[in-house]
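Here is the structure we will look at.
Nothing in this text is a laboratory measurement; each read-out follows from the coordinates by a stated rule. Computed from a predicted model, the values in this text were never measured in an experiment. So basically every Cβ, Gly included, is an ideal-geometry build from the backbone, and we count neighbours across all protein chains shown.
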């Protein structure tokens with residue numbers, strides 16, 4: 001059958017009670033979502049995360065040698081945090097206890113910790129305490145874990161979608177190894193879908209199904225690295241599509257498109273995705289890549305980011321990274337910010353995109369930022385310079401008797417509207433103009449003026 005693959009066969013037996021791992025038997029197991037049934041049972045079945053589980057990688061070596069201490073896994077949903085914790089417990093022959101940062105309380109923790117201590121004393125078996133959404137525990141709840149984690153009563157595995165360095169207590173983080181789980185690639189998701197279609201015990205292999213490559217590719221792509229979403233969307237497609245006259249369920253691209261919702265961008269307005277995305281946006285503008293700039297901007301727009309937040313970042317980038325190489329960047333960024341404030345989404349996308357593209361393609365210079373930071377460093381750490389007497393206010397009676405304003409040269413009365421006089425009381429060159437864009441001409445003027453001032457200082 002062109003463009004299709006055939007998985008499973010008619011009349012194949014369903015999963016056994018042993019395969020289900022549940023007291024309810026085959027039927028209750030079959031009612032569980034496909035993603036739950038297809039959880040990997042060992043590292044060989046585990047998909048993705050080769051950066052920490054590939055041959056020779058630290059976590060894999062620790063699991064195989066049973067040298068696991070406390071771990072914290074963080075990453076987007078559907079990347080295998082819970083599955084990996086269960087595999088570790090099975091591989092290390094540990095008792096697996098599970099708590100939730102949303103539902104569990106201190107009493108639950110004390111019960112599990114007491115049971116772990118008794119188990120270790122009476123049988124010598126270790127306990128893996130898996131806490132899902134560990135960042136939901138407050139400081140006091142997390143502190144309850146510290147003594148037993150430190151003494152080895154339990155081996156903690158925490159899971160979170162948030163960066164633990166920001167959302168988990170420092171004492172707990174310092175006692176744990178941190179591993180980031182990444183979204184699965186389309187290839188890895190495609191392999192998972194094929195495995196589920198062919199698995200007669202836990203997957204959909206007991207059915208007669210054909211699935212087009214384009215359909216599976218669509219599910220993998222729109223799942224955005226989330227294995228759970230990919231598998232459950234496949235199950236919806238398989239169980240809601242009427243079989244043909246030959247009894248075969250055919251999953252084509254149209255069925256796949258109906259079976260998976262519009263791609264939900266992984267974007268937490270107060271978490272890592274928020275800051276990581278705006279960071280990528282700014283660095284793309286700074287790096288002069290308009291295409292990357294537009295992609296990260298589109299992601300923020302799609303996720304519903306506040307347009308004023310984006311336009312403020314563009315304003316900062318215009319001043320910090322374009323600066324005097326193209327002063328119009330700041331003007332355009334300011335106009336875009338006003339437009340965003342005035343019209344909001346969706347129209348604000350146009351002036352914001354215009355400003356972002358302008359900055360991405362403009363000449364770059366950070367000389368203004370470097371200059372003011374250098375001057376600030378001197379003010380903070382050095383001796384405060386007195387205002388030279390000829391620059392002091394002379395517009396009051398008695399100022400001349402104090403010498404204030406005496407000898408000041410009015411610049412517009414001088415040739416070229418430049419007066420070679422000391423404006424600082426010290427020879428400091430904070431501003432170092434570049435030769436980028438407009439600033440090249442600025443550099444020529446500044447060097448000329450500095451040379452005239454240096455010559456005037458040498459005169460007796």
query = Counting only DSSP beta bridges with both residues in the chain, what percent are antiparallel, rounded to the nearest 5?
reply = 15
Sequence of 412, 302 once ranked by neighbouring C-beta atoms within 10 Å, starting from the fewest = 412, 302
Ascending count of other beta-carbon atoms within 10 Å, so fewest first, for 282, 314 = 282, 314
ask   = Relative contact order (percent) for the range 342-423, with alpha-carbon contacts under 8 angstrom and 6 or more residues of separation?
value = 17
ask   = Using a Förster distance of 35 Å, how high is the FRET efficiency between residue 384 and residue 335, based on the Cβ-Cβ distance and rounded to 0.05?
value = 0.35
task = Give the angle, between 0 and 90 degrees and rounded to the nearest 10, that separates the Cα long axis of helix 106-122 from the longest principal axis of the Cα atoms of the chain.
result = 60
query = Over the range 331-396, what number does the Rg to Rh ratio reach, with both radii from the alpha-carbon atoms and Rh per Kirkwood?
reply = 1.28
query = Relative contact order for the chain: what is it in percent, counting Cα pairs under 8 Å that are at least 6 residues apart?
reply = 13
remark   = With a Förster distance of 22 angstrom and the Cβ-Cβ distance between residue 424 and residue 396, calculated FRET efficiency to the nearest 0.05 equals 0.40
request  = Provide the gained length on full extension for the span residue 170 to residue 372, in nm with one decimal, where the gain is 0.36 nm per separating residue minus the Cα-Cα distance.
outcome  = 69.2 nm
task = Kindly provide the helix-only [θ] at 222 nm of the chain, computed as the sum of -39,500 (n - 2.57) over DSSP H runs of four or more divided by all residues, to the nearest 500 deg cm²/dmol?
result = -14500 deg cm²/dmol
note = Heads up, the range 382-458 by the C-alpha gyration tensor (a ≥ b ≥ c square roots of eigenvalues; a/c under 1.5 rounded, else a/b over b/c prolate, else oblate) looks prolate
message = Of the listed values [x] 18, 35, 28, 14, 5, 0; [y] 21, 44, 25, 10, 0; [z] 25, 60, 15, 0, identify the label whose number matches P(r) over Cα pairs in 20 Å bins from 0, in percent calculated from this model.
response = [x]
ask   = With a 10 Å Cβ neighbour count serving as the proxy for reagent exposure, in which order, fewest first, do 87, 301 appear?
value = 301, 87
request  = Can you tell me the relative contact order of the range 150-227? Whole percent, Cα pairs under 8 Å, sequence separation 6 or more.
outcome  = 31
